[in-house]
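Only one structure is covered here, and it is reproduced in the block below.
The values are calculated or read from the model by the stated rules, or taken from the named source; none is laboratory data. Only a predicted model underlies this, so the values are computations on that prediction, with no experimental measurement involved. Methodologically, a virtual Cβ is constructed for each residue, glycine included, from the backbone with ideal geometry; neighbour enumeration extends over all protein chains shown.
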Amino acid sequence: MSRIGKKPVELPSGVTASLSGQTIEVKGPKATHSFTATDDVTIAIEDNAVTVTPRGKSKRALQQWGMSRTMVANLVQGVTTGFKRELEIQGVGYRAAAQGQTLKLNLGYSHDVDFPVPAGVTVTTPKPTEVIIEGTDPQLVGQVAANIREWRAPEPYKGKGIRYKGEFIFRKEGKKK
C-alpha cells in the first residue's frame, strides 16, 4: 500500500480543480496547470480534496498511484506558492547578474556566459554570488537550476563553482611537495 497515495490532496481557498477523463486541471492565483494520469489510477474530486486510487493490484498500478498523487500535489503547490531553488557562486571573480530574460555569468572563462531564462521561470540575483530561481513548475525550476550549475560545477580541491544552497562538497587534499 502506498503511504503517499492514500493521503488526499487538500485544495486551499482560491484553488479550483476540474476533471475531464484522466486529465486534472488546477487553477490558482499564480497559474493554471494540468496533468494527465495513466489508465492505472482513478482521480476523484470530493469535499474540496483530490483523491487518487489504483485500478487493480498490479505493480504498475501501485507505482502510478503514489506518483500521480505527488504530481497532483505539485500542481496545487505550484499554483499557490510556487517552487524555488537557490544557487551559490563561489570563486574569486565569479558572479552573476540578471538582466531581463538573460542571466549573465562571469565564471572564469575568457567570455561571459549569457544564459537565456525560459518562459515560466523568473531568475533574480539579490547578491552577485546568489541566484534564485522561482516558478510554478517544479520540473522546469529544477532543470533551469541544473543547467546553470552545469556551466561550472563545484570542484573538490578549492570548492569553486556553482552549488545549490546548503549543498556539501567533499573536499580533497591537494598534492604535497
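Of all the residues that make up region 9-22, how many are under 19 Å from ASP39 (Cα atoms) and either assigned to a loop (DSSP other than H, G, I, E, B) or of a type in the set (Lys, Arg) (or both)?
Looking only at that region, the number is 2.
Being touching a Pro at 6+ places or on another chain (Cβ under 8 Å) and not assigned by TED's automatic domain parsing to the domain that holds ILE148 is the requirement here; does GLN90 meet it?
Numbers: touching a Pro at 6+ places or on another chain (Cβ under 8 Å): yes; not assigned by TED's automatic domain parsing to the domain that holds ILE148: no.
Judged against the criteria, GLN90 is not a match.
With the requirement that a residue be in contact with an Asp or Glu (Cβ under 8 Å, 6 or more places away or on another chain), under 20 Å from THR32 (Cα atoms) and not hydrophobic (A, V, I, L, M, F, W, C), what does region 122-158 give you?
Residue satisfying the conditions is THR122 alone.
Tally up the residues in region 76-96 that are over 21 Å from the mean Cα position of the chain (by Cα) and of a type in the set (A, V, I, L, M), please.
Number of matching residues: 1.
From the list ASP47, ASP39, exactly one residue is modelled with pLDDT of 90 or more, among the acidic types (Asp, Glu) and loosely packed, with under 13 Cβ neighbours inside 10 Å. Which is it? If you could, list the steps in order and put the result at the bottom.
On the way: ASP47 fails: modelled with pLDDT of 90 or more.
Exactly one residue qualifies, and that residue is ASP39.
Would you call LYS104 more than 22 Å from PHE83 (Cβ to Cβ), in contact (Cβ under 8 Å) with a residue 60 or more places away in the chain and surrounded by 12 or more Cβ atoms within 10 Å (Cβ to Cβ)?
Working: more than 22 Å from PHE83 (Cβ to Cβ): yes; in contact (Cβ under 8 Å) with a residue 60 or more places away in the chain: no; surrounded by 12 or more Cβ atoms within 10 Å (Cβ to Cβ): yes.
No.
Return a yes/no flag: does region 78-95 have any residue that is closer than 26 Å to THR32 by Cα, modelled with pLDDT under 95 and basic (Lys, Arg).
Checked against the condition, which is being closer than 26 Å to THR32 by Cα, modelled with pLDDT under 95 and basic (Lys, Arg), region 78-95 yields no hits at all.
When you check ALA97 against the structure, is it under 30 Å from VAL72 (Cβ atoms) and small (Gly, Ala, Ser), yes or no?
no
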